[in-house]
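What follows is a single structure, written as structure tokens, with notes after it.
The values are calculated or read from the model by the stated rules, or taken from the named source; none is laboratory data. Since this is a predicted model, take the numbers as computed values, not measurements. Note that we place each Cβ from the backbone using ideal geometry, even for glycine, and neighbour counts take in every protein chain shown.
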Amino acid sequence: MFPSTRKSVNDSKRNWPEVRHKKNTVCDILKDKEKWLNIELTGSNTTKQKQKSAKFPELEEALAIWISKALAANKTITGEIIIAKAINFANLLNIEGFTGSSGWLSNFKKRYNIKQYNKHGEAQSGPSEEELDKEREKLQELISNYDIENVFNCDETGNNFIELINVIYFILTKVLFNLGLY
């Protein structure tokens, strides 16, 4: 053991008596001090112990591109959607042996730094313009089979329901009044 290393070990014991470590642990760290001093503390690797390599890198790369495009289009993506899309990509890429397990999903999220965010308010409130256009076309096709006077807006339907309740209430009140119960 070098004199400077011995001094460092003794200093560490003196400065941090509650930390128990062996001399060779400190020596190993001091031997590789350049490595430890050059670690980037703000990088994504600071929390990772060991990054597990992908078993299906082509699939995961394609999936990561799809996810980034879907998020850019403000689509909602769940774990189930990611697994379904991964299975779809596996079939398209002729990859055999891919099951899309929850363990794979968890590791995939770690490798690509995918976090879960819950949307609130306006972020989750509405579909995209493309989806609205498709739904409008479906609705127009559906109502084209009916006369226009038989097509009601949901707000109008609600008014008709309230009007029906008012009529029933009026009739019941009149009947109860005539019977002397009101």
Item checked: Flag if residue 115 is at pLDDT below 85 and among the basic types (Lys, Arg) -> yes
Next item on the list: Kindly indicate which of 131, 163 is surrounded by 11 or more Cβ atoms within 10 Å (Cβ to Cβ) and either assigned to a helix (DSSP H, G or I) or modelled with pLDDT of 80 or more (or both).
Entry: 131
Item checked: Selected residue [surrounded by 10 or more Cβ atoms within 10 Å (Cβ to Cβ), more than 30 Å from residue 132 (Cβ to Cβ) and modelled with pLDDT of 70 or more] from 33, 85, 13 -> 33
